[in-house]
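Peer 1: Before I ask anything, here is the structure I am working with.
The values are calculated or read from the model by the stated rules, or taken from the named source; none is laboratory data. Keep in mind the model is a prediction, meaning the values are calculated, not measured. A quick note on method: Cβ atoms are made from the backbone with ideal geometry, for glycine too, and the neighbour counts reach across all protein chains shown.
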Amino acid sequence: MSNQPKGATIEEKQYLIRFKANTESHLHVLDTDICMTKCPDKLCTIFCPAEVYKWEEIRMHVGYEGCHECGSCRIGCPYQNIKWEYPKGGHGIIFRLG
Amino acid sequence: MAEKFDVIVVGAGPAGTACAYTLAKAGVDVLLIERGEYPGSKNVMGGVLYRKMMDDIIPGFYKEAPVERPIVEQRFMMLDAESAVTFSYKGMEWAQEPYNNFTVLRAKFDQWFADQAVKQGALLINETVVTECIVENGKVIGVRTDRPDGDVYADVVVLADGVNSLLAKSLGFHKEFRPDEVALAVMEVLKLDKKIIEDRFNLEGDQGCTIEIFGDSTKGILGTAWLYTNKDSLNIGVGAMLSGLIKAKIKPYELLEYVKQHPMIRPYIQGTEQQEYLAHLIPEGGYNSMPRIVGDGVVVVGDAAQMVNAIHREGSNMAMTSGVMAAEAIVRAKEAGDFSRTMLDSYRVNLMNSFVGEDLKKYKDATHHFEKYPHYFEKYIPLMNKAASQMFTVDGTPKREKQKKIWKDIGGAGDKFKIARDLLAAWKVMK
């Protein structure tokens, strides 16, 4: 990805944002077996706009600290396998502009 | 704390704050609860706020509020891989009062608006999540928050909790939304010198320009990209139906990057500096996806009730109108001392008779139609570009021959019939 212009990667984009991470996750994959056996594409790892979900061989890593709280994963998971709540009041993403 | 208010409003976005402002102004005791650090900290918008509905609430608000630029030109780009057909309307009537619309940055605007509600007497509490409605005998009597001893009671609870609408869902007012009822939008705010913006977008002084970008910007998925001018920054974003993104297996930020690097877009954003990256859902199910919006002791307003006109990029204005109408119904209910569903139903009746209900009804099949038949974006926009290229390229070919070639490119008789049918169908869902 070395020929990408500056700021093109999701890591660089996420770095622009202010977060106040809670100590515990507000996102929970209910049953990893479903991701493993029924969801070959691991769709949430593709459509999540913050790349919160990363598949690590046998488990789903959930980087809730970078979540935009958009709700796409809850609605988009084809197996309704994600328990989705708001982070504790005052925590999570803090937009400064848009 | 077991406190009781006349009304609790959940969510300090445009709908909730418009409601709280109107109630407080009428002397109603109102608590406005916001889960973010400050109002706007969880909110995202492409950036266009229509003046009229906000002006009805606070006349001349734009003299005080943090608005960016009044929009004087609206461009529409039909994008192909390396070309674009562009339409535009620019009018000087939009450069003066009363103005048509403004770009705004929501984190700034929502804070300002909520401050005005507070000045009218609303009590704003930030950093508080409403986890559920407290229901007794089928009537909503308050809310449970994530604060210690966080139950608060009220005669009416206004659900302005945004597109995810978890509270209305928990009351059974709607089922979980489907991926074809929401669009996922990602956006960046790009810093750019004020003077360069004005030169680059052909603007004088504080005037602004918006560009809506269709076609190749979403790789054929139903959606649009946009490029809006703020005072000293640009908003560039792309939104597409979540169902379409899932089907095409496209990463939203890679789609945004594709738009940013497109040869038709790239020159506009050259030399900018990224300030923020934002993602949010847009409720695009329209009329057919609207939940029940009135119950005993409860009403639903704004995005939480799917009030977005995707065709005309309207949403925050509808949210405000719904907030005001809900407030008016609550004031009448308070006078009557009756907070039942029957009493509060005047909110629904008035809303559905207003431009909000009328427009949602008018376009009720539009999103679904364009989602179901993607060739409007996949085929016709490239065809339009090809035709323009043919006609405007001077290469010694007589124009009549060029027309023949374009006519041939469209395809056989079957294809032509199909286009005619598609255009008629598009007209039917838009008329």
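Okay, residues lined up against (1) aromatic (Phe, Trp, Tyr); (2) in the same structural domain as residue B:24 (by TED's automatic domain parsing); (3) in contact with a strand residue (DSSP E or B) (Cβ under 6 Å, 6 or more places away or on another chain); (4) touching a residue at least 60 places away in the same chain (Cβ under 8 Å):
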{"position": "B:127", "(1), (2), (3), (4)": "no, yes, no, yes"}
{"position": "B:130", "(1), (2), (3), (4)": "no, yes, yes, yes"}
{"position": "B:138", "(1), (2), (3), (4)": "no, yes, no, yes"}
{"position": "B:144", "(1), (2), (3), (4)": "no, yes, yes, no"}
{"position": "B:159", "(1), (2), (3), (4)": "no, yes, yes, yes"}
{"position": "B:162", "(1), (2), (3), (4)": "no, yes, no, yes"}
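Peer 1: While we're looking at this one, here's another question. Any chance the range B:2-13 includes a residue that's hydrophobic (A, V, I, L, M, F, W, C), more than 12 Å from every other protein chain (Cβ to nearest Cβ) and at positive phi?
Peer 2: Yes, that holds for at least one residue.
Peer 1: While we're here: Among the residues of the range B:171-193, which ones are in a strand (DSSP E or B) and within 18 Å of the chain's Cα centre (by Cα)?
Peer 2: Passing the criteria: B:182, B:183, B:184, B:185, B:186, B:187, B:188, B:189.
Peer 1: What is the one condition in (1) at the interface with chain B (Cβ under 9 Å from one of its Cβ atoms); (2) buried (at least 17 other Cβ atoms within 10 Å of the Cβ); (3) out of contact with any Lys or Arg (no Cβ under 7 Å at 6 or more places or on another chain); (4) in a loop (DSSP other than H, G, I, E, B) that residue A:25 does not satisfy?
Peer 2: Failed condition: (1).
Peer 1: Checking the condition of a type in the set (Val, Ile, Thr), in contact (Cβ under 8 Å) with a residue 12 or more places away in the chain and out of contact with any Leu (no Cβ under 9 Å at 6 or more places or on another chain), which residue from A:37, A:32 passes?
Peer 2: A:32
Peer 1: Additional query: Return the residue satisfying two criteria in turn: it lies in the range B:161-204 and is more than 14 Å from every other protein chain (Cβ to nearest Cβ) and hydrophobic (A, V, I, L, M, F, W, C), and of such residues it is nearest to residue B:35 (Cα to Cα).
Peer 2: B:171
Peer 1: Let me ask another. Please name all residue pairs, on different chains or six or more residues apart, with Cβ atoms under 6 Å, provided the first residue is in the range B:1-26 and is over 22 Å from residue B:44 (Cβ atoms) and the second residue is of a type in the set (Ser, Thr, Tyr) and outside any helix (DSSP H, G or I).
Peer 2: Within 6 Å, the pairs are B:4/B:153.
Peer 1: Hey, residue A:16 hits all of (1) facing chain B (nearest Cβ under 7 Å); (2) farther than 30 Å from residue B:271 by Cβ but one; which does it fall short on?
Peer 2: Residue A:16 satisfies every listed condition except (2).
Peer 1: Of all residues in the range B:259-273, count the ones that are within 10 Å of another protein chain (Cβ to nearest Cβ), surrounded by fewer than 19 Cβ atoms within 10 Å (Cβ to Cβ) and touching a residue at least 40 places away in the same chain (Cβ under 8 Å).
Peer 2: Summing the residues that are within 10 Å of another protein chain (Cβ to nearest Cβ), surrounded by fewer than 19 Cβ atoms within 10 Å (Cβ to Cβ) and touching a residue at least 40 places away in the same chain (Cβ under 8 Å) in the range B:259-273 gives 1.
Peer 1: Considering only the range B:281-333, state which residues are without any contact (Cβ under 8 Å) to a residue 40 or more places away in the chain and closer than 14 Å to residue B:45 by Cβ.
Peer 2: Correct list: B:308 only.
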